[in-house]
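Before any comments, here is the structure.
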Amino acid sequence: MIWCILRDADLSGANLGFAHLSGADLTNAKLVNAYLSGADMVETNLNGTDLEGADMKRSIFCNTIMPDGSIRTNNI
């Protein structure tokens with residue numbers, strides 16, 4: 001799912017473990033209780049995304065726009 005547009009998508013409870021979400025636009029998406037462990041989120045836009053209860057352990061962040069608009073980089 002590299003460079004895909006998933007704006008406003010409801011992906012609550014989705015299993016996206018180890019998914020390649022690099023460059024994906026998840027603006028305002030709903031990822032409540034989603035499994036994102038190990039996901040590649042390089043340059044992913046999560047602005048306004050609801051990540052309540054999401055498992056993001058071991059995910060890769062690099063220039064990732066977080067729900068609050070901040071930029072997160074680690075694990076690279």
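What to note about this one:
- Scanning the range 1-16 for residues being crowded, with 16+ Cβ neighbours inside 10 Å and either small (Gly, Ala, Ser) or touching a Ser or Thr at 6+ places or on another chain (Cβ under 6 Å) (or both) gives a total of 2.
- Pairs are defined by a Cβ separation below 6 Å, a sequence spacing of at least 6 or placement on different chains, a first member in the range 1-26 that is under 18 Å from residue 65 (Cα atoms), and a second member that is of a type in the set (Phe, Trp, Tyr); the pairs so defined are 23/3.
- Residue in the range 17-28 that is more than 10 Å from the chain's Cα centre (by Cα) and of a type in the set (Ser, Thr, Tyr) present: no
- For residue 57: the one exception among (1) at pLDDT 95 or above; (2) surrounded by fewer than 18 Cβ atoms within 10 Å (Cβ to Cβ); (3) not aliphatic (A, V, I, L, M): (1)
Conditions (1) of a type in the set (A, V, I, L, M); (2) in a loop (DSSP other than H, G, I, E, B); (3) modelled with pLDDT of 95 or more, marked per residue:
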position: 8; (1), (2), (3): no, yes, yes
position: 13; (1), (2), (3): no, yes, yes
position: 18; (1), (2), (3): no, yes, yes
position: 23; (1), (2), (3): no, yes, yes
position: 28; (1), (2), (3): no, yes, yes
position: 32; (1), (2), (3): yes, yes, yes
position: 38; (1), (2), (3): no, yes, yes
position: 53; (1), (2), (3): no, yes, yes
position: 76; (1), (2), (3): yes, yes, no
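The values are calculated or read from the model by the stated rules, or taken from the named source; none is laboratory data. Computed from a prediction, not measured in an experiment: that's the story for all the values here. Virtual Cβ from ideal backbone geometry, glycine too; neighbours counted across all protein chains shown.
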